[in-house]
Structure formats: structure tokens, C-alpha cells
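Visitor: Below: one structure in C-alpha cells.
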């Protein structure tokens with residue numbers, strides 16, 4: 001049994017959905033709606049989602065179906081669902097006119113490497129990419145790249161995922177949540193007089209000697 005109620009202390013303008021979950025818990029959730037008819041549609045979606053979870057069939061597709069159905073009933077746009085490849089293509093396209101050629105090349109490299117790492121998963125929803133994937137990608141890069149290069153590539157991809165988060169497609173930016181690798185500074189000794197003399201001796205021109 002479900003019903004709509006108002007906050008007795010008038011702390012919120014939204015209708016609250018009060019309902020009983022399949023496991024017997026009595027729950028109250030804000031519908032974020034001031035219109036009672038729309039609030040009721042959202043309330044029904046809460047109960048439907050609880051039922052999906054309770055029946056052991058909690059999959060992203062089913063949960064999204066419930067959410068999208070509720071959004072349509074209240075006149076809202078369904079959730080956007082794009083693939084990793086589409087996200088990166090859009091991101092690169094946006095950067096194309098705003099970055100120097102060398103910088104753009106690095107962004108494209110980061111995108112290409114992530115697509116290669118993911119394989120077939122690059123053509124699935126970007127929502128399926130987890131922090132575990134981001135960490136695995138970072139460690140995969142580290143197999144033949146320096147920590148500073150890995151961190152730079154990871155940070156570039158964090159920009160792409162941040163754009164999706166700001167659009168409301170993602171709840172969190174998994175690349176921003178992933179720690180950078182430790183970079184150990186390299187200390188170089190200065191050249192000795194003998195080494196400088198040898199360098200000057202093999203210099204191809206006076207400009208190089210200078």
C-alpha cells in the first residue's frame with residue numbers, strides 16, 4: 001500500500017512517497033515533484049524498482065527501464081545512454097577546435113588506448129565502466145610506460161568522463177576517483193669538465209659547440 005504525504009514540518013515542497021517494500025520495510029522517499037499526479041507516477045516507479053530488486057533480477061537494463069518509464073509518464077526526457085566509443089568520439093570532436101595539434105594528439109592517444117583496452121566493451125554503455133576498470137587500465141598502461149605518462153593519459157580520460165557526469169549520464173567519474181601512480185623524481189648529476197670537452201669535440205657545428 002502506497003500513499004503520498006507532505007513533510008509535516010514543511011521542510012520540503014515536494015510530495016513524499018510512503019510505501020511498503022517487498023521485504024516489509026516501510027519507506028519514505030521524496031518524489032522531487034510538486035504536482036501530485038506526477039508525484040504518484042514517481043511513487044509507482046519506486047515500488048516497481050523495489051520489486052525488480054527483490055525478485056533477484058537486478059540488472060542495469062531492467063532498472064533503467066523502470067526509470068525511463070517513470071520519466072516518460074511525468075513528461076521528462078528518458079536517461080541518455082551512450083557507449084564508451086561514442087563518448088570519446090564526441091569528446092575528441094569537442095576538443096578538436098580548442099587544442100593545439102600536439103595536445104589533441106595526446107587526447108586521441110588516450111581515447112585510442114582505452115578503446116583498445118576495453119575491446120568489445122567499448123561499444124557498450126559508458127555506465128558499465130567501473131572504478132575497477134579504471135584501475136586495471138592504469139595498471140595496463142604502466143606495463144610499458146612511465147608513471148608520469150600513465151598519469152597524464154588517465155587525467156585526459158578523466159576529462160571525458162567528467163563531461164558525461166556533468167551531463168547527468170554518469171553519477172561519478174571513475175577516472176577522477178582513481179589514484180595516480182607515484183612518480184619518483186630523477187636527479188641528474190652535472191657534466192664534468194671532461195664530459196663537456198668530449199661533447200664539444202663531437203659537436204657537428206659551431207652552433208652546437210656554443
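Visitor: What pairs come out if I take residues in the stretch 169-196 that are under 18 Å from residue 130 (Cβ atoms) and pair them with residues that are modelled with pLDDT under 75 whose C-beta lies under 8 Å away, six or more apart or interchain?
Guide: Pairs that qualify, where the first residue is under 18 Å from residue 130 (Cβ atoms) and the partner is modelled with pLDDT under 75, are 169/79; 169/80; 169/81.
Visitor: Also, quick follow-up: Condition check: assigned to a helix (DSSP H, G or I) and either touching a helix residue (DSSP H, G or I) at 6+ places or on another chain (Cβ under 6 Å) or modelled with pLDDT of 85 or more (or both). Does residue 197 satisfy that? Give the derivation first.
Guide: Working: assigned to a helix (DSSP H, G or I): yes; either touching a helix residue (DSSP H, G or I) at 6+ places or on another chain (Cβ under 6 Å) or modelled with pLDDT of 85 or more (or both): no.
Considered against the rule, which asks whether it is assigned to a helix (DSSP H, G or I) and either touching a helix residue (DSSP H, G or I) at 6+ places or on another chain (Cβ under 6 Å) or modelled with pLDDT of 85 or more (or both), residue 197 comes out as no.
Visitor: Right, here's the next one. For residue 102, which of the numbered conditions (1) modelled with pLDDT under 85; (2) within 29 Å of the chain's Cα centre (by Cα); (3) exposed (fewer than 15 other Cβ atoms within 10 Å of the Cβ); (4) more than 29 Å from residue 120 (Cβ to Cβ) fails to hold?
Guide: Among (1) modelled with pLDDT under 85; (2) within 29 Å of the chain's Cα centre (by Cα); (3) exposed (fewer than 15 other Cβ atoms within 10 Å of the Cβ); (4) more than 29 Å from residue 120 (Cβ to Cβ), the lone unmet condition for residue 102 is (1).
Visitor: For the stretch 1-49, enumerate the residues that are touching a strand residue (DSSP E or B) at 6+ places or on another chain (Cβ under 8 Å), surrounded by 16 or more Cβ atoms within 10 Å (Cβ to Cβ) and modelled with pLDDT under 85.
Guide: Residues satisfying the conditions are 46, 47.
So that you can scan it fast, the table gives a plain yes or no per residue for (1) more than 30 Å from residue 32 (Cβ to Cβ); (2) surrounded by fewer than 16 Cβ atoms within 10 Å (Cβ to Cβ); (3) out of contact with any helix residue (DSSP H, G or I) (no Cβ under 9 Å at 6 or more places or on another chain); (4) modelled with pLDDT under 95:
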position	(1), (2), (3), (4)
59	no, yes, no, yes
66	no, no, no, yes
125	no, no, no, yes
128	no, yes, no, yes
136	yes, yes, no, no
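The values are calculated or read from the model by the stated rules, or taken from the named source; none is laboratory data. All figures in this text were calculated on a predicted structure; none of them were measured in a lab. No Cβ is skipped: glycine too gets one built from the backbone with ideal geometry, and neighbour counts run over all protein chains shown.
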